[in-house]
Amino acid sequence: MTTVIKVTGMTCNHCVMAVTRAIEKVPGVTKVAVSLERGEISVEGSAPREALVAAIKAEEYEAV
């Protein structure tokens, strides 16, 4: 299953890496792709959307 989440507040590659690392730690995630230009992440795996949003918010970014 692929989940796409809009993320606001990412402004640089450091932001991309921080969000990527946070999402990779969520159980059930098999692949993460973060697009700084589109302001979104695409996550493959069985992790629930709520857990992904919580991981993003824990890094102090907003998930829409």
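Read the figures in this text as sums done on the coordinates, not as results from a lab. Being a predicted model, the structure only gives us computed values, none of them experimental. In this analysis, Cβ positions are derived from the backbone assuming ideal geometry, glycine residues included, and neighbour counts consider all displayed protein chains.
One table, with the values for the structure above:
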quantity	calculated
Search result, residues across the stretch 1-43 that are assigned to a loop (DSSP other than H, G, I, E, B), buried (at least 17 other Cβ atoms within 10 Å of the Cβ) and touching a residue at least 40 places away in the same chain (Cβ under 8 Å)	10
Enumeration of residues in the stretch 44-64 that are touching a helix residue (DSSP H, G or I) at 6+ places or on another chain (Cβ under 6 Å) and in a strand (DSSP E or B)	63
Within the stretch 44-59, tally of residues that are touching a residue at least 12 places away in the same chain (Cβ under 8 Å) and of a type in the set (Lys, Arg)	1
